[in-house]
Each structure stands twice: as C-alpha cells, then as structure tokens.
Amino acid sequence: MDLSADQTFALKNLTGWFYSTQKARKYVTLGGFAGTGKSTLMALLRTNLHKQNKDLRVAFCSYTGKATRVLKQKLIDHKALFENDSVGTIHALIYSPMVDENTKEIIGWKRQEYMKADLIIVDEASMIDGVIWDDLLSYQVPIIAVGDHGQLPPINGNFNLMTKPDFVLEEIHRQAKDNPIIGLSFLARTEGKISPGVYGRGVKKLARSEPETGNEVEEILSQFNRETLLLCGYNQTRIKLNHFIRTSLGFESQIPQANDRVICLRNNHGKEIYNGMLGSIFQISKKNDEWYSAHIMMDGEVDLYNGLILSAQFNNRVGMNFTQKRGVTMKGDLFDFGYALTVHKAQGSQAKKVILFEERFGKMDEEMWRRWLYTGITRAEESLVIIG
C-alpha cells in the first residue's frame, strides 16, 4: 500500500512511541483532515503491532454507538481487528452499571477499576470532554487519540484534544481527491470561499442572489427525509428551518410528538447521550408544566433513551444549560427539534445529504470561518448543497 509522506512519518513515530520504555506521557494525538487516511493509518498501525506481539490487547473506542460501528467496519475491511481487540463506546469501555439489588434496575454508573487493554485507540477524539479524558488517563494505559484538527473547537468549555496534534495528516489521497465533497472541504480550509456551480453528482453551490434560487431551495427542502441534515449558522435560522420542515411533514403543533427528529444538547454520561447526538421520538407524554417524559431512539444506538426532557428547550434560541438564570432545577435532559442544526452542534453528526446555509457571524475571523465552512461540508457523506 502506497503511503503519503506524512502517513509514513506518523506510522513510524506512533510505533516508536508505543514501544518506548521512557514515554514522556501516556498519550499522543493524531490529527487528520478529511481524505488523508486516518482510518487506513490506524489499521496499518494495528497490523504492524500484531506482527510484533500477537498477544497485544487493543481497545478501540469512540463517543457514540454509530461512530463505533463505522470504526469497527473499517477495521474489518482492512483486516486489522484481532482476537484480543475490542471495539465499543468509551462509556462501555470505562464505566460499569450500579444495579439496585431489589428492583434490578440501573441506578447509576461507576468507573471500572481495571482496564483490560495494553493500548487504547480513541477515534473522533475532538468530541471528548475533559471529564471523560481524565477518566481514560487514570488507567495509566497508553492512548492514541485520533481526530480531525480542521474542525471547529468544541462549542463549550476550553478542553480540545485536537488543538495542536502531535502528528498530522494533511496530504489528501489520490482516491479521495476524486470525491467532490473532499475537494470542496479542501477549498474551505485553504481559501474559505467556494464559488457557485456544480462540482459533481449531487454536489453544488447555489447563489442566494439568483432569482431562481428561492424556488430551488424550497424544492430541495420539500424532499427532506431522515437521511438529510440541514445546517446553518444562526439559531434563529435553525428555528425557522425546523418549523418549515415540521410543517411540510404534517406536524400541526409546536409541541414535540412521536416520530419528531430531535437533538441532544447536553451530555449525560450515565444515560450514554451526548451533546449533538440525533434521534427520533418513540413515545412522549407531558409529565408536568416543565417536563416531558420521553422515549427516544438515538441514531445508531441499540437501547431506547428513557427520561425527562425540558419542554422550555424546544424552539429556544438559547441552550438552557448555558443560561445562568434558567429558573428550573436540571433534573432531566435537554433536547430540541433536530431537523436543522447549527454547524457547531453538528460536529459529531453526519448524513448522506447535507444542505448547508452559509451564515457568517460578524465577529468570526477568517480562520474560524474556514473551520466553520470545513466542518459543515465534511458532515456530508454523499450529497451536498451549499446555499451561498
């Protein structure tokens, strides 16, 4: 397999770091832009380590069940998953349930005392918060954290593993260069500007100033399905788009209902839900004036979420967990309609089709704008329409 120069350099140094007897620290970070072969490199590293030690235990993990399944399939495709390896969510790797002896119900979670792995490889590491990272480090097991250093930093908090990765992959592979979405992501992060036009099948940018664009956008929005992700910059745009899509789908009330698409707005490690996760309401009822009781099927997960969700958060421009005087006791979780998202909230999500409304904040400098545009574009898997 032909490796790029930066892949060769990273592979050599990651291997050397793992076998070093005098590690300066217990972890290293690898950043890679879209199309630079992060997954390929991880598979090659795992294969090389297996050749040197067939008893090595590697725990691969990621933030969500969906991301974990994607990671596992990539490892299988590269024949880089071995008998002693495990692939799962970070939560499943480091936490175990506390069960009530009488009701047999899970009443909480505790950090496991022992880590059954010689190496931990974390994918999508830019999503990890400081609490989980400290728990991972506590096991004193070597960690390789892998993520995209071209994306926006986390929207809240100062913790970001991908600020200055130890090793970086920036050369786009020949195969990826033929992908128009990867091509546009390159333009986004290098130039910060994409001209209107057609870039490939299902990949184009529309000029908002053109008279026919309005009708075309309405036609595109009318074809919305759960494989579509609408992205924008402003919360007021997000609310308008959510209202438009819900109306077109036949929802007559602004109250969340069964089959509504929703997004989680606050981490709850105990329930394995995380900021930015999408799902569909399975069942919902009014608990009281402040709370709904809801069952939600989160995308890519196996078990239903079951809990209380705050009614005031729906169609609210402000995240209630960031509001100091919110007037309620946070005894439940935060969700909002999830048909349209801000790019900041979409960092952990992907969809087959993305419709991206370019909206630049007045205080956003050129670097942050490029990261915003790059992050929005790289949420698309197959089809991308940018509204300029």
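The GluC sites (Glu not before Pro) of the range 201-303 meeting both criteria, a DSSP state outside H, G, I, E and B (loop) and at most 14 other C-beta atoms within 10 angstrom of the site's C-beta, are GLU212, GLU227, GLU252. On the basis of the beta-carbon distance and an R0 of 51 Å, THR15 and ARG317 show a calculated FRET efficiency of 0.55.
Rounded to the nearest 0.05, what FRET efficiency do LEU3 and ASP289 give with R0 = 51 Å and r taken as the Cβ-Cβ distance? Could you check? For R0 = 51 Å, the calculated efficiency reads 0.30. Ligands, DNA and RNA are left out, and with a 1.4 angstrom probe the accessible area of the range 175-262 is 57 Å² per residue. Per residue, the range 1-101 exposes 50 Å² of accessible surface when a 1.4 Å probe is rolled over the protein heavy atoms with every protein chain present.
Any lysines with Cα under 22 Å of the LYS271 Cα? List them, leaving off those in the same chain fewer than 8 positions away. Leaving aside lysines fewer than 8 places away in the same chain, those within reach of LYS271 are LYS66, LYS104, LYS110, LYS286, LYS287, LYS331, LYS345. A simple count of charges around ALA5, restricted to other residues whose Cβ falls under 13 Å of its Cβ and scoring Lys, Arg +1 and Asp, Glu -1, yields -3. Solvent-accessible area of the chain (1.4 angstrom probe, protein heavy atoms only): carbon and sulfur portion equals 49 percent. Label-to-label distance for GLU218 and ASP303 is 4.7 nm, based on points extended 7 Å past Cα in the beta-carbon direction. Inter-label distance, MET368 to LYS110: 4.3 nm, where each label sits 7 Å from its Cα along the C-beta direction.
Treating r as the C-beta distance of ARG201 and HIS243 and R0 as 30 Å, the FRET efficiency rounds to 0.45. How much of the pair distance distribution for the chain lies past 40 Å, counting alpha-carbon pairs only, in percent? Tail of the P(r) past 40 Å holds 18 percent of the pairs. Most fluctuating residue of SER248, SER185, SER86 in a GNM of the chain with Cα springs under 10 Å: which is it? So, out of SER248, SER185, SER86, the one fluctuating most is SER248. Convert each backbone phi in the range 40-46 into a coupling constant with the Karplus relation 6.51 cos²θ - 1.76 cosθ + 1.60 (shift: θ = phi - 60°), then list the ³J(HN,Hα) values in order as whole Hz, x for Gly and Pro. Per-residue couplings from phi come out as 4, 5, 4, 5, 5, 4, 5 Hz. Label sites at ASN84 and GLN254, each approximated as a point 7 angstrom past Cα along Cα to Cβ, lie 5.9 nm apart. Evaluated over the Cα positions of the range 160-225, the convex hull gives a direction-averaged projected area, one quarter of its surface, of 7.2 nm².
Shape verdict for the range 1-89, please, from the Cα gyration tensor: rounded (a/c under 1.5), prolate (a/b greater than b/c) or oblate. Judged from the Cα gyration tensor, the range 1-89 comes out rounded (a/c under 1.5).
The stretch between ASN53 and SER209 holds 50.1 nm of extra length on full extension. This uses 0.36 nm per residue minus the Cα-Cα distance.
The values are calculated or read from the model by the stated rules, or taken from the named source; none is laboratory data. What you see is a predicted model, and the numbers here were worked out from it, not measured in a lab. Don't worry about glycine lacking a Cβ; one is built from the backbone with ideal geometry, like all the others, and counts go over all protein chains shown. The protein model used for the area step is the full one, side chains on, heavy atoms only, and it has no ligands, DNA or RNA in it. Shrake-Rupley method; radii C 1.70, N 1.55, O 1.52, S 1.80 Å.
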